[in-house]
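Comments concern the structure below.
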Amino acid sequence: MFNFPTEHKVIIVGLDNAGKTTILYQFLTKEAVHTSPTIGSNVEQITVRKTHFLVWDIGGQESLRASWYSYYGNTEIVILVVDSTDRERLTVTKEELHRMLAHEDLQNAAVLILANKQDMKGSLTAAEISQFLTLDSITTHSWHVQACCALTGEGLPASLDWMKSRVVAN
Ligand SMILES: Nc1nc2c(ncn2[C@@H]2O[C@H](COP(=O)(O)OP(=O)(O)OP(=O)(O)O)[C@@H](O)[C@H]2O)c(=O)[nH]1
Ligand SMILES: [Mg+2]
């Protein structure tokens with residue numbers, strides 16, 4: 001008998017221009033691809049040493065955020081991508097994060113916060129992003145914050161390792 005490999009569902013959310021699509025394709029191809037704003041979503045399968053993830057990258061423009069919830073069902077990991085240079089919109093990101101965590105379909109999901117665009121001058125550190133988003137107040141979900149740069153891929157292998165550790169642990 002063959003067993004179908006289990007696929008773990010992952011969603012990538014975050015405001016427009018955060019770097020979500022760049023991260024999805026960096027995971028997949030280890031290269032920086034050219035992107036345009038996502039209308040709707042992209043989906044790809046990513047395998048990390050025999051663990052299969054089905055990864056949905058969802059458009060982050062304001063008008064699209066209201067339909068993020070339609071992707072929540074069966075999600076095991078939420079990746080929240082933050083543009084670490086976008087100080088003005090961190091409050092919006094924080095609101096979106098805490099709204100998501102309150103959603104019943106995400107009750108059992110683990111959350112990976114990616115502090116992206118670390119290559120840019122003046123970017124906030126992962127610790128600063130963590131403080132702004134009040135991650136320490138999250139007691140209902142397993143979470144982790146990781147600094148990264150989607151253009152070079154720095155920080156992304158460590159992110160995949162964390163994701164793998166979460167689904168293997170469960
Ligand atoms: N300097 C720098 N630019 C980045 C990085 N990651 C993404 N970008 C750029 O940021 C812009 C937006 O990236 P996308 O991946 O399309 O952003 P998105 O989050 O998918 O945006 P929406 O689809 O509109 O929600 C592109 O010009 C990327 O090349 C990074 O780590 N550093
Ligand atoms: Mg996109």
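Just so it is clear, none of the values below were taken in a lab; they were calculated from the coordinates. Just so it is clear, the model here is predicted, and its values are computed rather than measured. As a convention, Cβ positions derive from the backbone with ideal geometry for all residues, glycine included, and neighbour counts pool all protein chains shown.
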- Message: Any residue at all in the stretch 56-66 that's within 9 Å of ligand 2 (Cβ to nearest atom), touching a helix residue (DSSP H, G or I) at 6+ places or on another chain (Cβ under 7 Å) and outside any loop (DSSP other than H, G, I, E, B)?
- Response: yes
- Task: Working only within the stretch 86-116, note down all residues that are farther than 11 Å from LEU133 by Cβ and among the basic types (Lys, Arg).
- Result: ARG87, ARG89, ARG99
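May I ask you to say which residue of GLU62, GLU88, GLU128 is surrounded by 12 or more Cβ atoms within 10 Å (Cβ to Cβ) and acidic (Asp, Glu)?
Values: GLU62 fails: surrounded by 12 or more Cβ atoms within 10 Å (Cβ to Cβ); GLU88 fails: surrounded by 12 or more Cβ atoms within 10 Å (Cβ to Cβ).
After ruling out the rest, the residue left standing is GLU128.
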- Note on the structure: Subset of the stretch 95-136, residues within 15 Å of the chain's Cα centre (by Cα) and more than 20 Å from SER70 (Cα to Cα), comes to ILE113, LEU114, ALA115, ASN116, LYS117, ALA126, ILE129, SER130, LEU133, LEU135
- Filter the stretch 18-34 down to residues that are surrounded by fewer than 17 Cβ atoms within 10 Å (Cβ to Cβ) and not aliphatic (A, V, I, L, M) and give me whichever is nearest to ligand 1 (Cβ to nearest atom). HIS34
- Could you check VAL111 against (1) of a type outside the set (Gly, Ala, Ser); (2) in contact with a Phe, Trp or Tyr (Cβ under 6 Å, 6 or more places away or on another chain); (3) in contact (Cβ under 8 Å) with a residue 40 or more places away in the chain and say which number it fails? (3)
- Since ASP16 meets every condition but one in (1) among the acidic types (Asp, Glu); (2) touching a strand residue (DSSP E or B) at 6+ places or on another chain (Cβ under 7 Å); (3) near ligand 2 (Cβ under 10 Å from one of its atoms), which condition does it not meet? (2)
- Task: Could you list all residues from the stretch 1-50 that are over 16 Å from the mean Cα position of the chain (by Cα) and in a helix (DSSP H, G or I)?
- Result: THR29
